[in-house]
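Undergrad: Here it is, the structure in full.
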Amino acid sequence: MNASKVDLAELDELLPLETTQGAEGGGAAAAPAVAPPVILDPSNPLLRTRGILKRRNAPVRGYCGLNGHGKSFAMVRDTLLGLALGNRVLSTVEILDPHTGNPHPNFELFRSWQQLHTARNAEILLDEITGVMDARDSGMPKHVRRLIPQLRRANCPVSWTGIDWDNSDRRMRQLTWAMVRCVGHFPNRAAIRTDGARDSVSMWAPNRLFILTTFDAKRMSASDDSAQITEERERKRRARVLNREFVRGPGSLAFRAYNTLESVSQVDNSCQVCGGRIPEKVCRGHGE
């Protein structure tokens, strides 16, 4: 990591690694570190860091980064406080109970845009948004474009992830308040997959440390505005940095709350009656 690019003095917080505490008495051996209980509690300070609270103040937030750089991890991590408070989570990525490893009882798999019409007091998670609404395709359905700005009335914040800002849906960019750039570091080359086989492709080794930089996205609706996502001081036009945070992944509640290798649910836009595709009607100026 290049310290010249990331000014350590500007970091808002740095989560300490687990350390052992020595027993009383100079010659006593150090006691083993005791892992915190794996439970979701609103009073848990790890669920209420300054970065998490700052991002949760944004009703629509996007997380961008390359594969394996922690964008889904960051989105799930910011959602855990909502789960601890009893909020329902409508998500394209399965949310697990960190204590049991089973799907969380407040989790509902997001399969159809029709689910948005009945969502109330729920957190909406759209993982890998380019697979749902790509900027090069038709984007989000017309009825969804009308619905998402009204989710404020239903108390439903929206979080989405994508590889980069440019390839995300234009309408979603216009609605986004905060954009989180996720960069992973220190890949674990000795990673063991769940099936017991050693990871043979080292370039996909899971990262252990993540830098989450949150930018003010309220004025970044255009695709070419991605040039503003920079921390270079010589740039005259750059997005305002709201928060920087170092986060350690392994052993965290967020790592236990989802499976990074699990496939993401595809949101269906077909008719609930006949199964056909809902046509996008285009007016040719008759009402003008």
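Undergrad: Any residue in segment 50-61 that is farther than 17 Å from ALA122 by Cα sitting within a Cβ distance under 6 Å of a residue that is crowded, with 18+ Cβ neighbours inside 10 Å and among the acidic types (Asp, Glu)? List the pairs, counting only those 6 or more apart or interchain.
TA: GLY51/GLU245; ILE52/ASP78
Undergrad: For the subset of segment 172-194 comprising residues that are basic (Lys, Arg) and at pLDDT 85 or above, which member is surrounded by the most Cβ atoms within 10 Å (Cβ to Cβ)?
TA: ARG181
Undergrad: Got at least one residue in segment 71-84 being touching a residue at least 24 places away in the same chain (Cβ under 8 Å), aromatic (Phe, Trp, Tyr) and part of a loop (DSSP other than H, G, I, E, B)?
TA: There is no residue in segment 71-84 that is touching a residue at least 24 places away in the same chain (Cβ under 8 Å), aromatic (Phe, Trp, Tyr) and part of a loop (DSSP other than H, G, I, E, B).
Undergrad: Do we have ARG146 as charged (D, E, K, R), free of Cβ contacts under 8 Å to residues at least 40 places away in the same chain, surrounded by 15 or more Cβ atoms within 10 Å (Cβ to Cβ) and part of a helix (DSSP H, G or I) here?
TA: Judged against the criteria, ARG146 is not a match.
Undergrad: Still on this structure, I have one more. Any idea how many residues of segment 149-167 are polar (S, T, N, Q) and part of a helix (DSSP H, G or I)?
TA: 1
Undergrad: Just to be sure before I move on: is THR213 at pLDDT 65 or above, in contact with a strand residue (DSSP E or B) (Cβ under 7 Å, 6 or more places away or on another chain) and of a type in the set (Ser, Thr, Tyr) in the structure I sent?
TA: yes
Undergrad: Any idea which residue in segment 92-121 is surrounded by the most Cβ atoms within 10 Å (Cβ to Cβ), counting only those that are farther than 16 Å from LEU253 by Cβ and small (Gly, Ala, Ser)?
TA: That would be ALA119.
Table: residues versus (1) out of contact with any Asp or Glu (no Cβ under 8 Å at 6 or more places or on another chain); (2) at pLDDT below 90.
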site: HIS143; (1), (2): yes, yes
site: PRO149; (1), (2): yes, yes
site: THR161; (1), (2): no, no
site: GLY196; (1), (2): yes, yes
site: ALA222; (1), (2): yes, yes
site: SER226; (1), (2): no, yes
site: GLU245; (1), (2): no, no
site: ARG248; (1), (2): yes, no
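Undergrad: Only residues that are crowded, with 19+ Cβ neighbours inside 10 Å and more than 16 Å from the chain's Cα centre (by Cα): list them for segment 149-169, please.
TA: Within segment 149-169, LEU151, ASP169 meet the criteria.
The values are calculated or read from the model by the stated rules, or taken from the named source; none is laboratory data. Bear in mind that the values here come from a model prediction, so they are computed numbers and not experimental data. All Cβ positions, even for glycine, are placed from backbone atoms using ideal geometry, and neighbour counts span all protein chains on display.
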